[in-house]
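A short write-up of the structure that comes next.
Rule-based calculations on the coordinates, nothing more; no lab input. Quick caveat: nothing in here was measured; it's all calculated off a predicted structure. Neighbour counts run over all protein chains shown; Cβ positions are idealised from the backbone, glycine included.
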Protein chains: 2
Amino acid sequence: MEQYKILEIKKSVFEDNDRKADLLREELKKDKTFLLNLMSSPGAGKTKTIIQTIEALKNEMNIGVLEADIDSEVDAYTVANTGTKVIQLHTGGMCHLDAGMTRQGLLGLGTEGLDFVILENVGNLVCPAEFDTGAAKNAMILSVPEGDDKPLKYPLMFSTVDVLLINKIDAIEYFDFNYEAVKERIKKLNPEIEVILISAKTGRGIDQWADWLRREVKNWNAQ
Amino acid sequence: MEQYKILEIKKSVFEDNDRKADLLREELKKDKTFLLNLMSSPGAGKTKTIIQTIEALKNEMNIGVLEADIDSEVDAYTVANTGTKVIQLHTGGMCHLDAGMTRQGLLGLGTEGLDFVILENVGNLVCPAEFDTGAAKNAMILSVPEGDDKPLKYPLMFSTVDVLLINKIDAIEYFDFNYEAVKERIKKLNPEIEVILISAKTGRGIDQWADWLRREVKNWNAQ
């Protein structure tokens with residue numbers, strides 16, 4: 001098992017988060033490090049999806065992971081077991097990360113030589129959508145058991161992400177989840193969004209997700 | 001279908017939320033209105049559980065419901081279809097309700113003659129745990145698909161509630177959910193907590209939940 005650090009991050013003292021996010025993004029671009037901000041409700045499957053993503057891409061990219069949580073280190077422990085470089089961030093009760101907090105996390109992790117860093121944001125559909133972390137792209141996971149009404153209740157989150165993974169698709173027969181209805185609601189909020197059906201449990205859709213990431217990382221380095 | 005109002009609530013200007021919560025609680029006690037604050041992640045089944053609760057208790061109590069969400073009115077619509085008095089609260093992007101916001105909601109609903117009011121808080125495991133709403137009791141729903149590690153990640157929420165409903169228990173065979181492990185984690189944080197297994201879909205455990213509510217409402221009116 002790999003070792004991992006735990007970092008107690010402080011709330012940024014600067015007010016201008018958007019400016020700081022742009023600055024961080026520029027620096028990451030210069031370093032050819034692609035940062036993905038991954039958001040979802042608690043328990044939608046962020047960590048399991050990260051594990052599958054690492055498995056799919058670890059032979060082509062150097063990957064690092066920032067695990068943000070109010071408390072505990074269970075996710076960093078899980079990721080460290082794959083041999084991936086990871087750091088656990090504790091947000092001190094805060095339900096999101098801003099650009100300053102993300103920068104602290106990246107410094108704590110050490111990004112030299114990393115092509116691709118995944119930030120697992122705090123499990124929450126409200127606050128994380130309001131703060132630009134400086135990531136190259138924003139992704140969200142909606143899991144089937146949460147229901148198809150979530151775009152109606154958390155429109156900002158669905159509006160701000162570049163890609164939506166609909167996870168736990170293997171359990172769709174167990175739940176009332178109307179895929180056509182949810183897709184219509186999402187596309188209305190965000191016509192450009194890419195929607196990929198996955199099961200982090202069975203591996204379904206991970207190929208398509210890995211292809212999306214390969215393309216985005218390539219574009220990031222080419223621009 | 002019953003009519004329902006939509007209220008855009010404002011953030012409280014008073015700082016002393018605890019004092020305001022105590023004051024609201026005293027007033028509700030005088031009026032013999034039992035207020036339950038119901039919290040969970042998005043999609044854990046709060047609204048479906050409220051529908052089952054209404055069905056179980058509507059012949060013995062006058063019930064009202066406050067539905068809090070960032071946006072949409074889908075939950076108020078669902079509850080109104082049962083013939084129950086309901087109001088939709090929009091929190092203006094905020095991920096919780098405080099005591100002042102709850103008071104605005106109760107005034108908007110009109111509590112005269114109501115024995116039991118359920119406040120469906122915003123779907124979130126972080127912010128709602130930090131604000132006393134003035135409720136008589138606090139309840140939380142953890143759904144099986146969210147996983148058994150949630151007490152480790154959101155300890156404050158599990159520490160502050162009086163009762164935990166573990167929902168979607170009908171789907172337990174589909175998910176890795178260790179009930180003994182989760183129970184041990186919860187009891188360590190909160191030894192006094194009552195844990196009830198339910199399925200808002202099949203109705204399992206709703207009798208036990210209704211009994212808990214009957215007892216608490218009785219105690220509230222007797223003190």
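Things to note:
- Between this copy and the others, label points of A:GLU192 are 5.2 nm apart in ascending order, each placed 7 angstrom from Cα in the Cβ direction.
- Cα-derived Rg over Rh, computed across chain B with Rh taken as Kirkwood radius: 0.94
- The modelled label-to-label distance between A:GLN208 and A:ASP71, using points 7 Å beyond Cα along the C-beta direction, is 3.9 nm.
- Remark: the stretch B:136-223 carries a charge dipole of roughly 280 debye about the Cα centre, counting +1 on each Lys and Arg Cβ and -1 on each Asp and Glu Cβ.
- Signed unit charges on C-beta, dipole axis of the stretch A:17-218, positive-most listed residue A:VAL195, A:LEU109, A:LEU28: A:LEU28
- Residues whose amide H falls under 5 Å from that of A:VAL195, counting only those 5 or more places apart or on a different chain, are A:LEU164, with hydrogens built in the peptide plane.
- Fewest neighbouring Cβ atoms within 10 Å first, the residues B:ARG19, B:ARG25 line up as B:ARG19, B:ARG25.
- Whole-Å distance, taken between Cα centres, linking the stretch B:77-121 and the stretch A:175-191: 27 Å
- For the stretch A:17-218, the dipole from Cβ point charges (+1 on Lys and Arg, -1 on Asp and Glu) about the Cα centre works out to 320 debye, to the nearest 20.
- Helix A:179-189 and the longest principal axis of the C-alpha atoms of chain A enclose an angle of approximately 50°.
- Net dipole in debye of the protein assembly as shown [+1 Lys, Arg Cβ; -1 Asp, Glu Cβ; about Cα centre; nearest 20]: 0 debye
- Put simply, the stretch A:31-139 fits an ellipsoid with semi-axes of 19, 15, 13 Å; these come from the alpha carbon gyration tensor as the roots of five times its eigenvalues, largest first.
- In order along the stretch B:209-223, the phi-based Karplus estimate (6.51 cos²θ - 1.76 cosθ + 1.60, θ = phi - 60°) of 3J(HN,Hα) comes to 5, 5, 5, 4, 5, 4, 5, 5, 5, 4, 4, 4, 7, 8, 5 Hz; Gly and Pro are listed as x.
- Residue-level result for chain A: its Cβ closest to the axis carrying A onto B, with that distance in Å, is A:PRO145, 2.
- Cα pair distances exceeding 24 angstrom across the stretch B:80-174, given as percent: 31 percent
- Taking A:SER41, A:SER72, A:SER199 and counting other C-beta atoms within 10 Å, the order from fewest to most: A:SER72, A:SER199, A:SER41
- Within a Gaussian network of chain B (alpha carbon springs, distance under 10 Å), most fluctuating of B:THR53, B:THR202, B:THR78: B:THR202
- B:GLU173/A:ASP176 FRET efficiency (R0 22 Å; Cβ-Cβ; nearest 0.05): 0.75
- Loop-located GluC sites (Glu not before Pro) in the stretch B:62-149 whose Cβ has at most 11 other Cβ within 10 Å (DSSP): B:GLU112
- Take A:THR82, push a point 7 Å out from Cα through the beta-carbon direction, and compare it with the same point in every other copy: 4.1 nm, smallest first.
- On full extension, the segment bounded by B:ASN221 and B:ASN81 gains 47.5 nm, given 0.36 nm per residue less the C-alpha separation.
- Cβ-vector label at 7 Å, A:ASN178, separations to other copies in nm: 4.0
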